[in-house]
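The structure appears right after this line, and notes come after that.
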Amino acid sequence: MNKTEIINCLSEETTFSKKDITRVLESFTRVIERALKKGEKVSITGFGTFMISKRAARKGINPATKQRINIPAMSVPKFKPGKSLRELVRSV
């Protein structure tokens, strides 16, 4: 399911227009992005938690050239599903 399909589904389930849903969805993603950029966790009860995970620097191999490379430390976004979401998906 992509963004357009999500907007269409939400519009069908609510009385809001696709334009309003689009604005809310874009605002929602911006709020999560800003919080993660500050290093904060974003928890949605029953759904899950968005957080930043730090990866340590490590050595790797370029698959094209087989040359050893250094991969720098970095922060990556991470999502941990909540209990009810995990249980719902397990039953599929």
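So, in the stretch 81-92, exactly how many residues are part of a loop (DSSP other than H, G, I, E, B), among the hydrophobic types (A, V, I, L, M, F, W, C) and either surrounded by 12 or more Cβ atoms within 10 Å (Cβ to Cβ) or modelled with pLDDT of 95 or more (or both)? Can you show your working first?
So in the stretch 81-92, the residues part of a loop (DSSP other than H, G, I, E, B) come out as 82, 91-92.
Next cut, among the hydrophobic types (A, V, I, L, M, F, W, C) only: 92.
If we keep only those that are either surrounded by 12 or more Cβ atoms within 10 Å (Cβ to Cβ) or modelled with pLDDT of 95 or more (or both) as well, we get none.
Total meeting the criteria: 0.
For the stretch 1-37, enumerate the residues that are part of a loop (DSSP other than H, G, I, E, B) and either farther than 27 Å from ARG86 by Cβ or of a type in the set (A, V, I, L, M) (or both). Steps first, answer last, please.
Taking the stretch 1-37 and keeping what is part of a loop (DSSP other than H, G, I, E, B), we get 1-2, 14-17.
MET1, THR15, PHE16, SER17 - these are the residues of the stretch 1-37 that are part of a loop (DSSP other than H, G, I, E, B) and either farther than 27 Å from ARG86 by Cβ or of a type in the set (A, V, I, L, M) (or both).
Any idea which of GLU5, GLU40 is surrounded by 11 or more Cβ atoms within 10 Å (Cβ to Cβ), at pLDDT 95 or above and closer than 27 Å to VAL89 by Cα?
Working: GLU5 fails: surrounded by 11 or more Cβ atoms within 10 Å (Cβ to Cβ).
After ruling out the rest, the residue left standing is GLU40.
Kindly list the number of the only condition in (1) assigned to a loop (DSSP other than H, G, I, E, B); (2) modelled with pLDDT of 95 or more that fails for LYS78.
(1)
Does the stretch 43-72 hold any residues that are exposed (fewer than 10 other Cβ atoms within 10 Å of the Cβ), hydrophobic (A, V, I, L, M, F, W, C) and either more than 26 Å from the chain's Cα centre (by Cα) or not in a loop (DSSP other than H, G, I, E, B) (or both), and which are they?
ALA64
Taking only pairs six or more apart or across chains, which ones have beta-carbon atoms under 6 Å, a first residue in the stretch 21-38 that is more than 16 Å from VAL76 (Cα to Cα) and of a type in the set (Val, Ile, Thr), and a second residue that is modelled with pLDDT of 95 or more and outside any helix (DSSP H, G or I)?
none
Select, from LYS41, LYS18, LYS3, the only residue that is without any contact (Cβ under 8 Å) to a residue 40 or more places away in the chain, over 23 Å from PHE79 (Cα atoms) and touching a Ser or Thr at 6+ places or on another chain (Cβ under 9 Å). Can you show your working first?
Working: LYS41 fails: over 23 Å from PHE79 (Cα atoms); LYS3 fails: over 23 Å from PHE79 (Cα atoms).
Among LYS41, LYS18, LYS3, only LYS18 is without any contact (Cβ under 8 Å) to a residue 40 or more places away in the chain, over 23 Å from PHE79 (Cα atoms) and touching a Ser or Thr at 6+ places or on another chain (Cβ under 9 Å).
The values are calculated or read from the model by the stated rules, or taken from the named source; none is laboratory data. Just so you know, these numbers come straight off a predicted model, no measurement behind them. A quick note on method: Cβ atoms are made from the backbone with ideal geometry, for glycine too, and the neighbour counts reach across all protein chains shown.
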